[in-house]
Amino acid sequence: MTLVRESHFGDFSLYFLASLPKGFDVPDPTSEEASPFVKRELYPACVPILELTHNHGTEDDPDFQHYNGNDEPRRGFGHLGFLVDDVYDACAKLENAGVSFQKRPDEGGIKGIAFAKDPDGYWVEIVKRGWEM
């Protein structure tokens with residue numbers, strides 16, 4: 001994933017990440033060129049963009065708790081999915097970076113997809129672009 005745009009506001013920040021196909025030269029994500037690049041280049045090319053919002057303040061709140069949606073009694077939206085060109089290659093890179101997995105590509109009943117875990121335990125589904133179940 002490549003950070004393609006970053007914006008900071010008073011009480012929140014936005015981060016836009018993409019799994020870029022080959023051939024895209026990305027401007028500095030904090031530059032004024034980043035937003036037009038995303039709108040003019042990535043959106044028309046149907047490149048999936050993941051937008052993350054950081055609401056400032058929770059990192060300093062000792063009573064803050066998050067829920068990942070996969071554990072009882074607070075089940076809900078349990079994961080998000082992300083498209084990649086090669087699931088096995090993406091998982092190998094994640095594993096080499098120390099990422100843990102809920103499911104590797106060849107485990108379980110559905111082969112060729114994976115579920116990585118972020119540091120907070122959220123699941124991230126890794127799916128091949130164009131894959132059909």
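The values are calculated or read from the model by the stated rules, or taken from the named source; none is laboratory data. None of these values were measured; they are calculated from a predicted model. Glycine gets a Cβ as well: all are built from the backbone with ideal geometry, and neighbour counts include every protein chain shown. Note: areas computed on protein heavy atoms with side chains; ligands, DNA, RNA excluded. Shrake-Rupley method; radii C 1.70, N 1.55, O 1.52, S 1.80 Å.
When DSSP beta bridges are limited to those with both residues in the chain, what percentage is antiparallel, rounded to the nearest 5?
75 percent
Note down the relative contact order for the chain as a percent, whole number, built from C-alpha pairs under 8 angstrom at least six residues apart.
For the chain, the relative contact order is 18 percent.
Set the Förster distance to 22 Å, then compute FRET efficiency between V127 and R74 from the Cβ-Cβ distance, nearest 0.05.
According to the calculation, E is roughly 0.30.
Can you list residues from other chains, or at least 5 along the same chain, whose modelled amide H is less than 5 Å from the amide H of I49?
Residues meeting the amide H criterion: none.
Obtain the radius of gyration and the Kirkwood radius of the range 88-130 from its C-alpha atoms and give Rg over Rh.
Reported Rg/Rh, Kirkwood definition of Rh: 0.94.
Report in % the part of the accessible area of the chain that belongs to carbon and sulfur, leaving out ligands and nucleic acids; probe 1.4 Å.
52 percent
Sort largest first and round to whole Å: the equivalent ellipsoid semi-axes of the range 1-40, each the square root of five times a Cα gyration tensor eigenvalue.
So the three semi-axes of the range 1-40 are 19, 11, 7 Å.
Once the convex hull of the alpha carbons of the chain is built, what does its volume come to per residue, in cubic angstrom?
It is 145 Å³ per residue.
For the chain, please report how many Lys pairs fall under 24 Å Cα to Cα, leaving out neighbours fewer than 8 apart on the same chain.
For the chain, qualifying lysine pairs total 13.
Per the Kirkwood formula on distinct C-alpha pairs, the Rh of the range 12-68 is how many angstrom?
That comes to 13.5 Å for the range 12-68.
At 0.36 nm per residue, and after removing the present C-alpha to C-alpha distance, how many nm does the segment from Y67 to S100 gain when stretched out fully?
The span from Y67 to S100 would gain 10.1 nm if fully extended.
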